[in-house]
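To keep things clear, I will list the structure first and then write my remarks on it.
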Amino acid sequence: MPESSSRPENEFFHVLKTQQFDRPLLDGLCELTTAIRKFAKHKEGLLFLRSLLAHKRAMLYFTQPSTRTFLSFNNACQILGIQTSEIRDSSTSSEIKGESLLDSLRTFSSYVDVIVMRTKESGLAESAAKLFDRTHRRVPIINAGSGKDQHPTQALLDIYTLERSFQHRGGIDGKTIGMMGDLKRGRTVRSLGYLMKNYQDVKLVFIAPPAFRMEEDIKGHLRECNIPYVETEDMQSVLPELDAIYITRIQDEHDIAGESSKVDTSQFKLGVKHLSSMKKDAVIMHPLPRRDEIHPDVDDDPRAKYWRQERNGMWMRVAILTKIFKIDHHILHANLLD
Amino acid sequence: MPESSSRPENEFFHVLKTQQFDRPLLDGLCELTTAIRKFAKHKEGLLFLRSLLAHKRAMLYFTQPSTRTFLSFNNACQILGIQTSEIRDSSTSSEIKGESLLDSLRTFSSYVDVIVMRTKESGLAESAAKLFDRTHRRVPIINAGSGKDQHPTQALLDIYTLERSFQHRGGIDGKTIGMMGDLKRGRTVRSLGYLMKNYQDVKLVFIAPPAFRMEEDIKGHLRECNIPYVETEDMQSVLPELDAIYITRIQDEHDIAGESSKVDTSQFKLGVKHLSSMKKDAVIMHPLPRRDEIHPDVDDDPRAKYWRQERNGMWMRVAILTKIFKIDHHILHANLLD
Amino acid sequence: MPESSSRPENEFFHVLKTQQFDRPLLDGLCELTTAIRKFAKHKEGLLFLRSLLAHKRAMLYFTQPSTRTFLSFNNACQILGIQTSEIRDSSTSSEIKGESLLDSLRTFSSYVDVIVMRTKESGLAESAAKLFDRTHRRVPIINAGSGKDQHPTQALLDIYTLERSFQHRGGIDGKTIGMMGDLKRGRTVRSLGYLMKNYQDVKLVFIAPPAFRMEEDIKGHLRECNIPYVETEDMQSVLPELDAIYITRIQDEHDIAGESSKVDTSQFKLGVKHLSSMKKDAVIMHPLPRRDEIHPDVDDDPRAKYWRQERNGMWMRVAILTKIFKIDHHILHANLLD
């Protein structure tokens, strides 16, 4: 019997798509993530966290390889004491000749308490969730990236990094956020654009060459939600206004005929020389991996938050797991006593 | 010094082949598995199990890939707190150029307390066990499938699933058990046929096309043990008599020249339309993975036990590990107090 | 801020090269390793060890595959309760297209508390250590073999095995140690040769065919340190004098045009027939894997220490980890109370 019908508002069972998160959920996850990070600062706190789900086991099913996301989830599980099994090889499943993908997933669900999955196929996480919702052994699914469209936990960690960076300035509300690079095909900037509707008085600035402009679907969504946005090719002119700049690499893995190489992207890279134009408390983000969109010398600037952003991803995934297993109140409660 | 000489009857050190299990051992393992499953129903029980072998480490040496069996053992280890190292790649060992397989295995034995091995080579588990029995550091071996012949833990989980399904009807004794599919090359049905000698008044019904009939060695063994069996190609006519039907897929990975594709197997598949012919408390089993031998719509029928059978495999492997490390009495004793 | 400047003498943060270990450090590590092995003899001791670093996580980054060293480190981490993530595939990093190796390593450092790395590239461990020393999140690096030159933990386990084997005979000081095989390209014998300067009155005997003689750099180093050495092609004539013989295989993976196959190595193999010429308390070592340099029948002789040497590697790595995380005093102190 699916629980979702009777589920209180601020809860979730599966994590399937960015759209399932509203403002109360986002705020709750951010609060939880901050509480978790406090525990992680000392041995006792870490041992407390590791005791919380020491009776649970997870399957990390990564048929689309992703070292970064895999490690983030693997360590998030370990932080909570969850033991993991992994499939990281796209060819592993072919060995089970003739078995349907849903049968394979049901097999995994026999052994574990949660499945984290990253696949090339769009929609597989949702199909699996639907299947499990019908069975006696209902196991939560976390979508760790499926196809081109959905990577909800990345969107959540981006929101957390923004909220956290602006914690003494009223959070995301009222901020001007730039997005630069391949806005057309960048899953992260698209998701972030979508989630902005949850925040008040946000302005967006899209900085991209004409070939990589933000797609019409997101822009239409922003107009519907009355979120103002500007499009420009001139980074320098907008840098002084930005509270945050979210930079992405050119997603040339989606090229059909090497078209990316014909685009002049030289004006869409951040170097040390640009830092003086930026606000003193601005935030520089990047989902990583980077190529040359951000010069390594920028790393030493305190406004560079992308390494912290990466680590935040692990903490946000810890938070998500505690909510799935409904032990988040243990953390918030213990934190209050602290 | 090998312990086996002085070992009490109801114990074992290595798990090498189906034939080493007699009725007292089978009954003991089934009782143990049921006790373990009770603990696994709540957090305290799971934490108790995880504390039992938290000082042990296992090597999962899977040079013949098998996602299903690997995950089952990996999770069984985790349930008991055993930490695991894994080799899942058949090419990994080739890197150690020129080292003998027995040297490699002795290396692994340096680091861990038990080796679970699945190999293409028949008999390798037995050779390793013999080698270790001569050394100072004797490490138990569990055969998780070697070559075409032995896969003893699969046979044990099949027995457990039958026993458990018939728990209110006197267990396996007196039952009529059908086996359908590729009986000639199916390792599981062959092992199960062998183990039937341990049970009273069992009748077997073999349902297979002529090309895939049960082999003469098993049938000879059954005649010797006075176990009646029938062979048929007509599933429909025998379905009403069966207490259990164990269905297997065509093992075409053993084909030499695609001969399987020439066999008409259309009459050896179970669909929803057959369910009304079966006993109300019949049991449908399959070692998985399946192809089209059982229609997915059958999954919703309460008699379909194959997903449970798969999960039973994990619990049976937990039971085996507790017996190897002689902590089974902790579980049985704690269970009595419960 | 690098801590190394203010670090007390008997400590270290990174483990990068054999040369960083002097006599007090070597003696301290040997004492620690012996203390750890005592704990490992019973369940309570093992559970004590496993509690020591249960709040830590490690990354095993093995882009140059090495089953043996990987397993040794993986189990060393597990013994201390450290949870591990692994990269064992040289192709994994290529998936992160265009990311620099140092960015990848910094990513890993986001998630874990220590990185153990084995790479084809020489010097990568040192570059990573330098990078981390500049960042807020300084993570220790353990070099588990980089390129042709450095494999410091192997050298340490060799020292420990010698010290331990000679524990009732005054340790390594004053011993005559033979090294046989491919001395030219064997990383282990070269490191061991280097470390000999830390011991008093040691004599070295190099037994190799002309093509594989010890290189001039090591011999020059020995002359500088006044360590006497002899070179010979006649194993039989020197065997009676040796307190230890360290045998290595021909490193033909470094061949350019199969030159190893042209060298007659038949006189540089140890068989059962040679054992009677050796001292009663001599020590036979080998870094493994072996080919035919030592006949398997030699394994049964009590002087054969190579299997123990392999297991010592795991214990020495446990010792190294406890020193890196500065919990070694817990072990030494608990040991005193014992």
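The values are calculated or read from the model by the stated rules, or taken from the named source; none is laboratory data. All values reported here derive from a predicted model rather than from experimental measurement. In this analysis, Cβ positions are derived from the backbone assuming ideal geometry, glycine residues included, and neighbour counts consider all displayed protein chains. We work out accessible area using only protein heavy atoms, side chains counted, and drop any ligands, DNA or RNA first. Shrake-Rupley method; radii C 1.70, N 1.55, O 1.52, S 1.80 Å.
Based on what the data block shows, is residue B:168 under 28 Å from residue B:25 (Cα atoms), modelled with pLDDT of 95 or more and either within 13 Å of another protein chain (Cβ to nearest Cβ) or out of contact with any Cys (no Cβ under 9 Å at 6 or more places or on another chain) (or both)? Considered against the rule, which asks whether it is under 28 Å from residue B:25 (Cα atoms), modelled with pLDDT of 95 or more and either within 13 Å of another protein chain (Cβ to nearest Cβ) or out of contact with any Cys (no Cβ under 9 Å at 6 or more places or on another chain) (or both), residue B:168 comes out as yes. Among the residues of the stretch C:237-249, none qualifies, meaning not one is within 18 Å of residue C:188 (Cβ to Cβ) and surrounded by fewer than 18 Cβ atoms within 10 Å (Cβ to Cβ). A Cβ distance below 7 Å, combined with a sequence gap of six or more or placement on separate chains, defines the contacts here; from the stretch C:7-20, residues that are at negative phi and open to solvent by 60 Å² or more (accessible area, probe 1.4 Å) reach residues that are hydrophobic (A, V, I, L, M, F, W, C) and at pLDDT 95 or above in the pairs C:10/C:25. Against the conditions (1) modelled with pLDDT of 95 or more; (2) open to solvent by 10 Å² or more (accessible area, probe 1.4 Å); (3) closer than 30 Å to residue A:104 by Cα, residue A:156 satisfies every one except (2). Against the criterion of being farther than 29 Å from residue A:141 by Cβ, modelled with pLDDT of 95 or more, polar (S, T, N, Q) and more than 24 Å from the chain's Cα centre (by Cα), residue A:237 qualifies. When you look at residue B:114, is it open to solvent by less than 10 Å² (accessible area, probe 1.4 Å), within 28 Å of residue B:327 (Cβ to Cβ), more than 12 Å from chain C (Cβ to nearest Cβ) and of a type in the set (A, V, I, L, M), yes or no? Criteria met by residue B:114.
Number of residues in the stretch A:252-272 that are in contact with a His (Cβ under 8 Å, 6 or more places away or on another chain) and surrounded by 16 or more Cβ atoms within 10 Å (Cβ to Cβ): the value is 2. The one condition from (1) within 14 Å of chain B (Cβ to nearest Cβ); (2) at negative phi; (3) surrounded by fewer than 22 Cβ atoms within 10 Å (Cβ to Cβ); (4) in contact with a helix residue (DSSP H, G or I) (Cβ under 6 Å, 6 or more places away or on another chain) that residue A:101 does not meet is (4). Residues of the stretch B:165-187 that are buried (at least 22 other Cβ atoms within 10 Å of the Cβ), touching a Ser or Thr at 6+ places or on another chain (Cβ under 9 Å) and part of a helix (DSSP H, G or I): none at all. If you go through the stretch A:54-82 and pick out every residue that is over 17 Å from the mean Cα position of the chain (by Cα) and under 28 Å from residue A:101 (Cα atoms), you end up with 9.
When restricted to residues that are open to solvent by less than 40 Å² (accessible area, probe 1.4 Å) and within 12 Å of chain C (Cβ to nearest Cβ), the stretch A:297-306 contains 3. So, of the residues in the stretch B:307-338 that are at the interface with chain A (Cβ under 10 Å from one of its Cβ atoms) and open to solvent by less than 10 Å² (accessible area, probe 1.4 Å), which turns out to be nearest to residue B:78 (Cα to Cα)? That would be B:314. Each residue in the stretch B:275-292 was checked for being within 10 Å of another protein chain (Cβ to nearest Cβ), in contact with a Phe, Trp or Tyr (Cβ under 8 Å, 6 or more places away or on another chain) and not basic (Lys, Arg), and 1 pass.
Name the residues in the stretch A:240-265 that are of a type in the set (Gly, Ala, Ser) and modelled with pLDDT under 95, would you?
A:257, A:258, A:260, A:261, listed by residue number.
Report whether or not residue A:23 is open to solvent by 10 Å² or more (accessible area, probe 1.4 Å), of a type in the set (Lys, Arg), out of contact with any strand residue (DSSP E or B) (no Cβ under 9 Å at 6 or more places or on another chain) and modelled with pLDDT of 95 or more. Yes.
Checked against the criterion of being among the aromatic types (Phe, Trp, Tyr) and under 18 Å from the mean Cα position of the chain (by Cα), the stretch B:203-213 contains not a single residue that satisfies it.
Scanning the stretch B:196-215 for residues that are crowded, with 19+ Cβ neighbours inside 10 Å and touching a helix residue (DSSP H, G or I) at 6+ places or on another chain (Cβ under 6 Å), we see that the one that is farthest from residue B:293 (Cα to Cα) is B:202.
Here's the yes/no breakdown for (1) aromatic (Phe, Trp, Tyr); (2) under 26 Å from residue B:68 (Cβ atoms):
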site: A:34; (1), (2): no, no
site: A:41; (1), (2): no, no
site: A:52; (1), (2): no, no
site: A:73; (1), (2): yes, yes
site: A:81; (1), (2): no, yes
site: A:84; (1), (2): no, yes
site: A:106; (1), (2): no, yes
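Name the single residue that is nearest to the other protein chains (Cβ to nearest Cβ) among those in the stretch C:31-77 being closer than 30 Å to residue C:168 by Cα and of a type in the set (Gly, Ala, Ser). Out of the qualifying residues, it is C:72.
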